[in-house]
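The values are calculated or read from the model by the stated rules, or taken from the named source; none is laboratory data. Keep in mind the model is a prediction, meaning the values are calculated, not measured. Note that each Cβ is placed from the backbone with ideal geometry, even for glycine, and that neighbours are counted across all protein chains shown.
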Amino acid sequence: MKDETVSEGRAPRTIAATNGVAQDAAFGAVIAPIHLSTTYKFPAFDKPGPYDYSRLGNPTRDQLADTLAKLEGGARAVMVASGMAALDLALSGLRPGDLLVAPHDCYGGTHRLLSLRSARGHYRVAFVDQTDGEALAAALALEPKVVLVETPSNPLMRVVDIRHITGLAKAAGALTVVDNTFLSPALQQPLALGADLVVHSTTKFLNGHSDVIGGAVIAADAALGEELAAWANTIGVTGSPLDAYLTLRGVRTLFVRVERQQQTAATIAAFLNTHPAVSRVHYPGLTSHPGHALAKSQQSGFGAMLSFELAGGLAAVRILVETLQVFTLAESLGGVESLIAHPPTMTHAAMDPEARATAGITDGLLRLSVGLEDEDDLLTDLRQGLAAASNV
Ligand code: PLP
């Protein structure tokens, strides 16, 4: 597993817990105050201070950005209003005719964004199974400008080799953008593996409390980071200070949350893996998972997300989700509460059935985001739900 040491010689967990703490020059506040002001006084004519208008820059947002840039080992982070805005911003350098290579099994909202942008002629997109070396090589031979990676993928938990893909992309003259939402920088740092940009839906593990929609783009290169920050200001997608404040508060406990949640996820994956009502479990922590060895080498842990397929298909899905009491049937992930989602009718409903079938998203597939509840309560809940679902 990787070395955890990053910038300033401080361990990532120290950065997450304390970056920017006890820096308040005005009153010595240990926790940085929230700055809601939209506008800032010019100290003199034609002499702005460090901030002039909050769409462009805001101290609270900048403190979160600085923390995320350090956690990802990047030069600069740009905080935006959602994960989708982060993806769109990261891809904003593409011009009509440029080719984007994207995973065929990415988050449904990402699939919709790329499909609609390409339908409108903003750029071209090739959806590729990035675990298939030949398909990937064929796509790279078409000289794409950007390769988008999502690993582990949503919802099938496919793991792709970031170092290998960034190497191939560089050789083909393309930038690599990695969506690191499923693991967070606590478990994976794509920039250290050669990526140019990391994208997050901060809505998920980074905030961790299911009460903020937000996104971030982190750039390895300062100039590219500046360019994206300027564009985020130009199109007005920068995130709100209140959201930044809450998200930074979430980041303080990122490591302990993720570590505890992934421990429970591993137990649940092992339980599901031997249950007769379950035909398949997708969790990179299982030694039977095709991406297990790769996940072990490029991740610091296997994460708190998993998916599984019910032998009884859609009928069994309905009974299971309606029987569960501790898991909540809801979209999203990464919060302290455990959620269950049915990708075909929820998170990936925006994909047409053919694209879902190509990606391998079956009607019997369910996705779990494992929270911080007692492990036995979660197991009991699943055991009862699966017993009911076994009767179809
Ligand atoms: N990327 C991934 C992997 C996601 O799962 C999601 C949302 O579920 C997004 C991006 C989009 O994030 P947001 O909902 O914050 O726009």
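What are the residue pairs meeting all of these: first residue in the stretch 181-201, first residue aromatic (F, W, Y), second residue outside any loop (DSSP other than H, G, I, E, B), Cβ atoms under 6 Å, and 6 or more apart or on different chains?
Between residues of the stretch 181-201 that are aromatic (F, W, Y) and residues that are outside any loop (DSSP other than H, G, I, E, B), the close pairs are F182/M305.
Yes or no, residue by residue, for (1) modelled with pLDDT of 95 or more; (2) more than 16 Å from the ligand (Cβ to nearest atom); (3) touching a strand residue (DSSP E or B) at 6+ places or on another chain (Cβ under 6 Å); (4) outside the structural domain of E72 (by TED's automatic domain parsing):
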| site | (1), (2), (3), (4) |
| --- | --- |
| A172 | yes, yes, no, no |
| F182 | yes, no, yes, no |
| L228 | yes, yes, yes, no |
| N233 | yes, yes, no, no |
| S240 | yes, no, no, no |
| Y245 | yes, yes, no, no |
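When V198 is evaluated against the numbered criteria (1) surrounded by fewer than 24 Cβ atoms within 10 Å (Cβ to Cβ); (2) within 14 Å of the ligand (Cβ to nearest atom), which criterion, by number, is the only one it fails?
Among (1) surrounded by fewer than 24 Cβ atoms within 10 Å (Cβ to Cβ); (2) within 14 Å of the ligand (Cβ to nearest atom), the lone unmet condition for V198 is (1).
Of the numbered conditions (1) within 12 Å of the ligand (Cβ to nearest atom); (2) crowded, with 22+ Cβ neighbours inside 10 Å; (3) among the small types (G, A, S), S210 satisfies every one except a single condition; which is it?
(2)
Looking at this structure, is T110 of a type in the set (S, T, Y) and either more than 12 Å from the ligand (Cβ to nearest atom) or farther than 18 Å from V198 by Cα (or both)? Outline the logic, then answer.
On the way: of a type in the set (S, T, Y): yes; either more than 12 Å from the ligand (Cβ to nearest atom) or farther than 18 Å from V198 by Cα (or both): no.
No, not satisfied.
Can you list residue pairs whose Cβ atoms sit under 6 Å apart, with the first residue in the stretch 105-128 being touching a residue at least 60 places away in the same chain (Cβ under 8 Å) and the second being within 16 Å of the ligand (Cβ to nearest atom) and polar (S, T, N, Q)? Count only pairs 6 or more apart in sequence or on different chains.
D105/S153; Y107/N154; G108/T347
Among (1) closer than 18 Å to L175 by Cβ; (2) surrounded by fewer than 18 Cβ atoms within 10 Å (Cβ to Cβ); (3) of a type outside the set (S, T, Y), there is one condition P33 misses while meeting the rest; what is its number?
Of (1) closer than 18 Å to L175 by Cβ; (2) surrounded by fewer than 18 Cβ atoms within 10 Å (Cβ to Cβ); (3) of a type outside the set (S, T, Y), only one is false for P33: (1).
So R280 fits all but one of (1) part of a strand (DSSP E or B); (2) closer than 17 Å to A388 by Cβ; (3) not hydroxyl-bearing (S, T, Y); what number is the exception?
The one condition R280 does not meet is (2).
Are any of the residues in the stretch 211-221 in contact with a strand residue (DSSP E or B) (Cβ under 7 Å, 6 or more places away or on another chain) and either assigned by TED's automatic domain parsing to the domain that holds A330 or over 30 Å from P96 (Cβ atoms) (or both)?
No; the residues of the stretch 211-221 include none that is in contact with a strand residue (DSSP E or B) (Cβ under 7 Å, 6 or more places away or on another chain) and either assigned by TED's automatic domain parsing to the domain that holds A330 or over 30 Å from P96 (Cβ atoms) (or both).
Just need a number here: residues in the stretch 84-104 that are away from the ligand (no atom under 12 Å from the Cβ) and in contact (Cβ under 8 Å) with a residue 60 or more places away in the chain.
5
Being of a type in the set (V, I, T), touching a residue at least 40 places away in the same chain (Cβ under 8 Å) and away from the ligand (no atom under 13 Å from the Cβ) narrows it down to one residue among V177, V146; which is it?
On the way: V177 fails: away from the ligand (no atom under 13 Å from the Cβ).
One residue alone meets the criteria, V146.
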